[in-house]
Amino acid sequence: MAPGAVTEDRTNKSAAVFSKDDTPPTLYQNVDEKELKAKSKKHLLDYGSKFEDDIITGSHGLYIYTASGHKVLDWTSGQMSCLLGHGHPEIVKVITDHAMQLDHLFSGMVSPPVISLADRLCNALPAGLDKAFFLSTGGESNEAAIKMAKTYTGKFEIVGIGASWHGVTAQALGAQYHFGRRGHGPLMPGMHMLPSPNAYRSVFRKPDGSYDWEAEMEYGWKMIDLQSCGSLAACIVECIQSSGGMHVLPSGYLKALKRQCEARGMLLIVDEAQTGVGRCGDFMAINHEDVVPDILTLSKTLGNGLPLSAVVASEEVANTAAEKGFFFYTTHVNDPLPAAVGDKVLEILFRDNLVEHSRKCGKILHSGLQGLYNRYGCIGQVRGRGLMAGIEIVTDRDSKTPGLELARRVGNRAYELGLWANLSSHPSFGGTFRIAPPITVTEAQVEAGVAILERAFAETDGTLPLY
């Protein structure tokens with residue numbers, strides 16, 4: 001069946017399952033919140049982002065629950081990962097069955113769920129993405145993809161995009177320009193940056209004031225060619241720069257980027273950690289652009305919250321890299337349990353018509369957010385695609401000054417009212433709310449979330465109501 005194909009049964013079975021039981025989880029219902037907070041402060045190491053005040057004691061469907069009894073609609077899918085919602089019963093069963101019968105193996109062994117996931121995934125992707133293997137995190141999959149590209153080409157220079165986020169391991173971080181490059185000494189050599197395609201803020205403009213991404217790209221490649229020592233191996237890119245502020249690549253950008261890579265004998269790597277598996281209204285964001293990269297990486301959405309990522313390459317790249325000694329042998333490569341979960345995620349995605357559902361609910365989401373833009377002058381821009389959206393908060397639309405403090409207050413009020421959309425709470429995110437509810441969300445839940453946001457804007461000082 002083709003990705004996103006519609007079968008006779010158009011029911012979103014996953015959403016129906018969650019709607020039957022809205023009872024709060026009881027696993028940690030009797031915890032001592034004050035004691036837990038004290039232990040957290042004493043023993044948990046700070047890894048770069050402050051902890052939220054509440055202790056989360058449960059999650060189910062589209063909601064998370066706190067120790068104090070607060071129920072919150074989760075509009076970030078955890079860390080953009082719980083594509084089918086929290087505690088999906090079929091996913092729970094797969095985890096239980098494999099934990100009891102086929103959990104973890106020697107990395108040189110292969111098992112049915114790994115083979116099934118590779119078969120299902122590669123057959124759903126465009127021709128030219130033919131072979132896959134499976135790891136744990138997005139950073140790990142990008143690390144492997146970059147290493148594979150270097151091995152295949154025999155070259156070492158990597159191009160990333162400004163405002164990108166690819167992970168915190170050495171090579172992934174070297175190609176990442178959003179945050180995290182400082183304070184720990186030299187990064188990987190041979191890393192170059194193209195300007196971020198930010199239509200809202202870019203200085204590259206045509207005479208009519210519209211964004212000139214073609215001139216910006218040409219300028220960026222000219223700078224890279226001047227810096228390069230002649231060993232350009234690959235370019236890695238996200239179709240929507242999520243951490244960078246939910247900036248969608250302009251139409252035609254990805255095709256132009258591939259042409260630039262081909263002209264220099266480089267590979268194109270597309271990182272679909274957040275955009276893949278139906279999130280944006282297509283099976284993969286590359287389907288929307290009709291571009292086939294040399295290497296595709298997946299994570300987050302594929303495992304529905306479990307650590308699972310994938311590297312998918314053409315047969316030519318995979319085989320040649322193997323012949324040249326490509327090596328990425330980890331403890332959890334091709335583990336059966338997470339692979340079984342990924343296989344079930346794809347099965348449910350196609351069976352329940354969730355790609356189409358994501359596209360349909362995405363239109364409702366963006367219509368609602370555009371309504372907020374029309375109402376509040378502190379919203380500089382609404383952007384995104386499908387069930388992946390960004391709202392950039394500014395002090396005013398003329399200056400476009402990031403409204404970090406205002407965004408924090410709006411987000412906090414929304415949380416008090418029962419909506420979590422605070423994924424961009426770190427200052428580096430520039431006051432842009434990044435919204436990505438599970439794609440099992442119902443139309444009513446989308447509308448309810450927009451209504452909560454509307455109230456949060458209305459009840460927060462400084463949002464600049466326009467009427």
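The values are calculated or read from the model by the stated rules, or taken from the named source; none is laboratory data. In this text, all values refer to a predicted model and were calculated from it rather than measured experimentally. Because the Cβ atoms are built from the backbone with ideal geometry, glycine has one as well, and the counts that use them run over all protein chains shown. Heavy atoms of the whole protein, side chains included, go into the accessibility calculation; ligands, DNA and RNA do not. Shrake-Rupley method; radii C 1.70, N 1.55, O 1.52, S 1.80 Å.
Restricting to region 59-107, name every residue that is in a helix (DSSP H, G or I) and polar (S, T, N, Q).
Residues satisfying the conditions are Ser77, Gln79, Thr96, Gln101.
Out of curiosity, is Arg279 in a loop (DSSP other than H, G, I, E, B), in contact with a Leu (Cβ under 7 Å, 6 or more places away or on another chain) and at negative phi?
yes
Do we have Arg259 as without any contact (Cβ under 8 Å) to a residue 60 or more places away in the chain and among the basic types (Lys, Arg) here?
Here the answer is yes, as Arg259 does meet what is asked.
Tell me whether region 155-167 contains one or more residues that are within 23 Å of the chain's Cα centre (by Cα), among the hydrophobic types (A, V, I, L, M, F, W, C) and open to solvent by 50 Å² or more (accessible area, probe 1.4 Å).
The answer is yes, given that some residue of region 155-167 is within 23 Å of the chain's Cα centre (by Cα), among the hydrophobic types (A, V, I, L, M, F, W, C) and open to solvent by 50 Å² or more (accessible area, probe 1.4 Å).
Which condition number in (1) open to solvent by less than 40 Å² (accessible area, probe 1.4 Å); (2) without any contact (Cβ under 8 Å) to a residue 60 or more places away in the chain; (3) basic (Lys, Arg) is the one that Arg264 fails?
For Arg264, the exception is condition (1).
For Thr301, indicate whether it is open to solvent by less than 10 Å² (accessible area, probe 1.4 Å) and among the polar types (S, T, N, Q).
yes
For Asp54, are the conditions met, namely being part of a loop (DSSP other than H, G, I, E, B), assigned by the TED database to the domain that holds Gly418 and under 24 Å from Gln445 (Cα atoms)?
Yes: the conditions hold for Asp54.
Quick one: which residue in Asp290, Asp343 is touching a residue at least 12 places away in the same chain (Cβ under 8 Å), acidic (Asp, Glu) and surrounded by fewer than 20 Cβ atoms within 10 Å (Cβ to Cβ)?
Asp290
So which of Gly377, Gly384 ends up being in contact with a Gly (Cβ under 7 Å, 6 or more places away or on another chain), among the small types (Gly, Ala, Ser), at pLDDT 95 or above and over 24 Å from His88 (Cα atoms)?
Testing whether each residue is in contact with a Gly (Cβ under 7 Å, 6 or more places away or on another chain), among the small types (Gly, Ala, Ser), at pLDDT 95 or above and over 24 Å from His88 (Cα atoms) leaves just Gly384.
Report yes if some residue within region 312-321 is among the small types (Gly, Ala, Ser), surrounded by 24 or more Cβ atoms within 10 Å (Cβ to Cβ) and touching a Cys at 6+ places or on another chain (Cβ under 8 Å); otherwise report no.
no
Counting only residues that are part of a helix (DSSP H, G or I) and open to solvent by less than 60 Å² (accessible area, probe 1.4 Å), which one in region 396-411 is farthest from Thr463 (Cα to Cα)?
Only one residue tops the list, namely Gly411.
Conditions first: (1) at pLDDT below 90; (2) open to solvent by less than 70 Å² (accessible area, probe 1.4 Å); (3) touching a Gly at 6+ places or on another chain (Cβ under 8 Å). Ala16 passes all but one, so which condition is the exception?
(3)
Step by step: first the residues of region 358-380, then only those that are open to solvent by 10 Å² or more (accessible area, probe 1.4 Å), out of contact with any Lys or Arg (no Cβ under 9 Å at 6 or more places or on another chain) and not basic (Lys, Arg), then the one that is farthest from Thr76 (Cα to Cα). Which residue is that?
Only one residue tops the list, namely Asn374.
Looking at region 224-259 only, could you name the residues that are part of a helix (DSSP H, G or I) and open to solvent by 30 Å² or more (accessible area, probe 1.4 Å)?
Correct list: Asp225, Leu226, Gln227, Lys255, Lys258, Arg259.
Consider only pairs whose beta carbons are under 7 Å apart and that are at least six residues apart or on different chains; among these, list those whose first residue lies in region 144-156 and is among the hydroxyl-bearing types (Ser, Thr, Tyr) and whose second residue is assigned to a helix (DSSP H, G or I) and open to solvent by less than 10 Å² (accessible area, probe 1.4 Å).
Note: pairs meeting the criteria are Thr151/Ala321; Tyr152/Val317; Tyr152/Ala321.
State whether one or more residues within region 57-77 are of a type in the set (A, V, I, L, M, F, W, C), farther than 29 Å from Ser358 by Cα and without any contact (Cβ under 8 Å) to a residue 12 or more places away in the chain.
No, region 57-77 contains no residue that is of a type in the set (A, V, I, L, M, F, W, C), farther than 29 Å from Ser358 by Cα and without any contact (Cβ under 8 Å) to a residue 12 or more places away in the chain.
Taking the condition farther than 20 Å from Ser231 by Cβ and surrounded by fewer than 23 Cβ atoms within 10 Å (Cβ to Cβ), does Gly183 pass?
yes
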